[in-house]
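Novice: If you scroll down you'll find the structure; I have some questions about it.
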Amino acid sequence: MREERSEMSENGDGDEGKDVRWSPDPGGTAPPKCRAGAGSPGGAAVPPPPFSDQVLENVLENVLCFLTSRSDRNAASLVCKSWYRAEAQTRLELFIGNCYAVSPARAIDRFRRVRSLVLKGKPRFADFNLVPMGWGARLYPWVVAMAPAYPWLERICLKRMTVTDADLVLLARSFPSFRDLSLICCDGFTTIGLAAVAGNCRHLRSLDLIENDVEDDEDEVADWVSSFPPGKTCLESLIFDCVGCAVNFDALLALVARSPFLRRLRVNEHISSDRLYQLMTRAPQLTHLGTGAFSSSGEVGDFEESLESAFHSSKSLICLSGFRDLAPEYLHTIYPVCTNLTSLNFSYAQITAEQLKPIITRCHNLQTFWVLDSLGDEGLQMVAATCKKLRELRVFPLDATEDSEGFVSDVGLAAISEGCHELRSILYFCQRMTNAAVVAMSKNCQELVVFRLCIMGRHRPDRLTGEPMDEGFGAIVKNCRKLTRLAVSGLLTDRAFAYIGLYGKLVRTLSVAFAGDGDLGLRYVLEGCPKLQKLEIRDSPFGDAGLLSGINHYYNMRFLWMSSCKLSLSGCKDLARQLPRIVVEVIRDNSEDDNSDAVGKLYMYRSLVGPRNDAPPFVKIL
């Protein structure tokens, strides 16, 4: 279940006991001359139609196989009961945006031929430690249900799920044709589970571990890289930069050497530059490389020339990341690949404008750039002057505390808007901003689909005029007509939310932090944004009245998260009574008073199966 409510819904058209799937006249509404006996002497049967039900079934299934978009398939499933069932029979890829929105049994009962599953768990604010440990989103019930139902399953992508080693062992042993595993922002597993996947999934093409919490006790670390079967592998992607422990480098070197199809490799910080070049020389076909620690391990020997030569030989390299523990003196070794790069990630490297200059001036084809704000406004001006094809920019804070000074401001944002007119997505953390800079971006980058401006200090106004940031965000939603994701912050009044409700007709995801006057602002958004699916709010003055103003809209949304607002338990209970098919969870921290009427965290989502049965004691389902 993703954007459209219909994806995991049941068709309630009646006639449940009849098999009308392929009947050309299921309701008896065909013209009289087409019915049996009509218009023929003595009621004799007329000849059958030229196409049998089986032919119609085959044609429909063949047509639906060409639909790859989830939204298109959702629409097709709503045409009639026949299409609903045919769509389910032909769906090979299943996306479930909330693991509690549907039960494993119900999903399996409808979709019988799934080969690929994307499953999401905890709310996104779990990334900011706002969801307590042990909240839920366990993979176990899904693996147990899928093991006998989908023996042909090939791909699983999990995001913010709790995955244990036992889950990975069961997964690895249950699906003989399993090929692709992606774990993103997950927790609960160790290298023991990774060893089970590597050793049992003999057709493995990709093992991508991204931003997971993988930390082993020193006595329990498994040599998971050595667990891959001997001989030539099918590996195309191996990403393990989040694994906190060292790997067997000799085994990794041998694995890379016998993986001729390997295109993506991202290693962790235990692989230093004096070892990186050895991997690169064995895999010159790489298109994506994560460098690990871009520094020396201290071993004797001059490896800079070998490293530069390895980059020079990497003719296919278009994506470069890593650069942990950056030693600036080695940056010159990547110069040979800069011209071909379309993606560059310095989000783990404290790089300055001076260090960035000789690199970025070579990156004329760059489309995606992630970086820490240590490059300053001067560094962003260099990016704007060179990277005319830039489509995605993310600027992360070196110091994410509210009272930090920050290194970038409205000056850098304005420079990007003036130089990068093809920009489609931006995430920008800063402490100082002006309406003028945001307005300029709305005019210069009107193709923006994602605009996330995070002013980290609470209630920060326009740094020059002292005015609220209303006009800047208003210009973004007014001028960027394709906008689907928006994050707002800074000093904002109800006027800003009125603009969002008036112009943000395509906005699907809205994140609000430290902003707003009161309940009227929330009402503007809920009543004015018909496409809104995900609404995340923290530390804002919205209360029960604002929450209840969305009564008629929540069934169309995937979820609502509110934390540190002005909600009461009685208001949340009132909402739960009026929306029986919406699950309303109140999450309490250990420090909160159980008898208090104040609600610290509210998580509300639609579900086809009602409240979950694995809620921990600190979660109260209303």
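Novice: PRE reach from ASP127 (point 7 Å along Cα→Cβ): which of the stretch 425-468 fall under 14 Å by backbone N?
Specialist: 426-429, 450-454, by backbone N distance to the label point.
Novice: Under 5 Å between amide hydrogens, which residues at least 5 positions from PHE189 or on another chain qualify, with H placed 1.01 Å from N in the peptide plane?
Specialist: VAL163
Novice: Using a 1.4 angstrom probe and counting only protein chains, how large is the accessible area of VAL411 in Å², to 10?
Specialist: So the heavy atoms of VAL411 present about 60 Å² to solvent.
Novice: For the chain, with all protein chains present and a 1.4 Å probe, just round the carbon and sulfur fraction of the accessible area to a whole percent.
Specialist: With neighbouring chains kept in place, the figure for the chain is 50 percent.
Novice: At 7 Å along the Cα-to-beta-carbon direction for both TYR335 and VAL59, put a label point, then send me their distance in nm to one decimal.
Specialist: 6.5 nm
Novice: Hey, could you get me the Stokes-Einstein D for the stretch 358-418, Kirkwood radius over alpha-carbon pairs, 20 °C and 1.002 mPa s, rounded to whole µm² s⁻¹?
Specialist: Roughly 180 µm²/s, to the nearest whole number.
Novice: Apply the Karplus parameterisation 6.51 cos²θ - 1.76 cosθ + 1.60, with θ equal to phi minus 60°, to every residue of the stretch 404-415 and state each ³J(HN,Hα) to the nearest whole Hz, in sequence, with x for glycine and proline.
Specialist: Karplus values, whole Hz, x for Gly and Pro: 6, 6, x, 10, 10, 8, 4, 4, x, 5, 5, 4.
Novice: Return, ordered by residue number, the residues of the stretch 388-421 whose backbone nitrogen is under 13 Å from a label point located 7 Å along Cα→Cβ of ALA436.
Specialist: Within reach of a label on ALA436, which here means backbone N under 13 Å from a point 7 Å along Cα→Cβ, the stretch 388-421 contributes 410-412, 414-415.
Novice: Which log10 I(q)/I(0) values does the stretch 137-279 give at q = 0.09, 0.13 Å⁻¹ under the Debye formula, counting every alpha carbon as one identical point scatterer?
Specialist: -0.25, -0.52
Novice: Quick one: of the DSSP bridges fully inside the stretch 492-607, what percent are antiparallel, nearest 5?
Specialist: Close to 55 percent.
Novice: Right, another one. Any idea of ILE621's accessible area? Nearest 10 Å², probe 1.4 Å.
Specialist: 50 Å²
Novice: Another question, then. Spelling out what I want: for every residue of the stretch 385-395, take phi, set θ = phi - 60°, compute 6.51 cos²θ - 1.76 cosθ + 1.60 (Karplus), and round to whole Hz; glycine and proline get x.
Specialist: Going residue by residue, I get 6, 10, 8, 6, 9, 4, 10, 9, 10, 10, 10 Hz, with x marking Gly and Pro.
Novice: For the chain, what proportion of DSSP beta bridges, expressed in % and rounded to the nearest 5, is antiparallel?
Specialist: Approximately 15 percent, going by the DSSP bridge assignments.
Novice: Provide, for q = 0.12, 0.16, 0.25 Å⁻¹, the log10 of I(q)/I(0) from a solvent-free Debye sum over equal Cα point scatterers in the stretch 228-327.
Specialist: Once normalised to I(0) and log-transformed, intensities are -0.34, -0.63, -1.56.
Novice: With only Lys, Arg, Asp and Glu charged, each at its Cβ (+1 for the first two, -1 for the last two), find how big the charge dipole of the chain is about the Cα centre; round to the nearest 20 debye.
Specialist: 2900 debye
Novice: Going by Cα centres, the stretch 317-341 and the stretch 148-190 are how many Å apart?
Specialist: Value for the Cα centre distance between the two parts: 33 Å.
Novice: With θ taken as phi - 60° and the coefficients 6.51, -1.76 and 1.60, list the Karplus ³J(HN,Hα) couplings across the stretch 557-565 in order, rounded to whole Hz; mark glycine and proline as x.
Specialist: In residue order, the calculated couplings are 9, 7, 7, 10, 10, 9, 9, 6, 10 Hz.
Novice: Which of the GluC sites (Glu not before Pro) across the stretch 273-342 are loop residues per DSSP, with 16 or fewer other Cβ within 10 Å?
Specialist: Those satisfying the criteria are GLU299.
Novice: Follow-up. Each label point is 7 Å from the Cα along the Cα-to-Cβ direction; what then is the distance between the points at ALA75 and GLU215, in nm?
Specialist: The two pseudo-label positions are separated by 4.8 nm.
Novice: Just the number please: accessible area per residue for the chain, 1.4 Å probe, all protein chains included, in Å².
Specialist: 43 Å²
Novice: Report the residues of the stretch 261-300 in range of a label on ALA246: point 7 Å along Cα→C-beta, backbone N strictly under 18 Å from it.
Specialist: 267-279, 292-300
Novice: I'd like the distance separating the alpha-carbon centroids of the stretch 385-426 and the stretch 229-290, in whole Å.
Specialist: 32 Å
Novice: So if we plug the beta-carbon distance of ARG173 and LYS389 into 1/(1 + (r/R0)^6) with R0 = 56 Å, what FRET efficiency do we get, rounded to 0.05?
Specialist: Once rounded, the FRET efficiency stands at 0.75.
Novice: Among the listed pairs LYS505/LYS534; LYS478/LYS601; LYS120/LYS478, give every one whose C-alpha distance is greater than 23 Å.
Specialist: Distance filter (> 23 Å) returns LYS478/LYS601; LYS120/LYS478.
Novice: Please list PHE396, PHE125 from largest to smallest accessible area, probe radius 1.4 Å, with all protein chains kept in place.
Specialist: PHE396, PHE125
The values are calculated or read from the model by the stated rules, or taken from the named source; none is laboratory data. Treat the numbers as computed from the prediction; the structure is a model and nothing was measured. So basically every Cβ, Gly included, is an ideal-geometry build from the backbone, and we count neighbours across all protein chains shown. These accessible areas exclude ligands, DNA and RNA; they are computed on the full protein's heavy atoms, side chains included. Shrake-Rupley method; radii C 1.70, N 1.55, O 1.52, S 1.80 Å.
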